[in-house]
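To start, the structure under review is shown below, and the notes come after it.
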Amino acid sequence: MHIPDGFLSTPVWVAAGAVSAAAVAVSTVRLGKNTEEKQVPLMGVVGAFIFAAQMVNFPIASGTSGHLGGGVLAALLLGPWAGTLIMTAILIVQALLFQDGGITALGANVLNMGVLTCLLGFVVFRLLRRLLAGTRGALISAFITAWLMVVLSASLAAVQIALSGTLPLPLVLPAMAGVHALIGIVEGLITTAALAFLLRVRKDLVHPLCLPYTRQAAAGEAA
């Protein structure tokens, strides 16, 4: 899903970069006001895990492959603001050191794979979790959210490419969304498995607002 250089027109990558920069700035401010001491090393650990996991590609179909995105998982563990900063750092390193995604397209890639998946994914998960109570509900919500964010990220990338005049939308959107609908299944399974494991052995590492929805949790959120 990493967009390389040359695929986006100047107005598109500038606009995407501006939105991403604003989101990163807001995330930095919000995180600075609410960061606990134990969260800093956890951010490093989560970032390192996602970075390493993204290096592992798995086959999908017809010679295509995918890898973990990790944005939803980062948001579920650390919250949307920390998740956005972690994904931004990962994408910057990948672009600069591994040429995975273009330099001019960096803002678009951060928007698609970091800002969207962490900020919107956090909201979507919490809405679904309210409808699906209990641990099973939280896990189902995590799967649906992770899958949906992969598809939406790919669709947004397709729209950006189409707006740039590189490929027509009727061609690029079905191709991107179709392949990433399959990739999203694996993303959902990995995200759900990680959340299930942590809920069983280290519930304290899951963001408080992403714990299984119960009457006690509802009272806590209302407070």
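Structure notes:
- Considering only trypsin sites (Lys or Arg not before Pro) in DSSP loops that have at most 10 other Cβ atoms within 10 Å, the longest stretch of the chain without any of them is 39-201.
- Extension gain, L97 back to F197 (0.36 nm per residue minus Cα-Cα distance, nm): 32.8 nm
- In this entry, the chain is assigned a mean projected area of 12.3 nm², taken as a quarter of its C-alpha convex hull surface.
- The order of I103, I161, I190, going from fewest to most other C-beta atoms within 10 Å of their C-beta, is I103, I190, I161.
- Gaussian network model of the chain, Cα within-10 Å springs - most flexible of G102, G134, G188: G134
- Toward the positive end of the charge dipole of region 99-219, with +1 on the Cβ of Lys and Arg and -1 on the Cβ of Asp and Glu, the farthest Cα among I190, T166, S153 is that of I190.
- Phi to ³J(HN,Hα) by Karplus 6.51 cos²θ - 1.76 cosθ + 1.60 over region 148-155, Hz, x for Gly, Pro: 4, 5, 5, 5, 5, 4, 5, 5
- Neighbour net charge for T88 - beta-carbon separation under 15 angstrom, K R +1, D E -1: 0
FYI, it's all coordinate maths here, none of it is from the lab. Keep in mind it's a predicted model, so treat the numbers as computed, not measured. Reconstructed Cβ throughout: ideal geometry from the backbone, glycine too, with neighbour counts over all protein chains shown.
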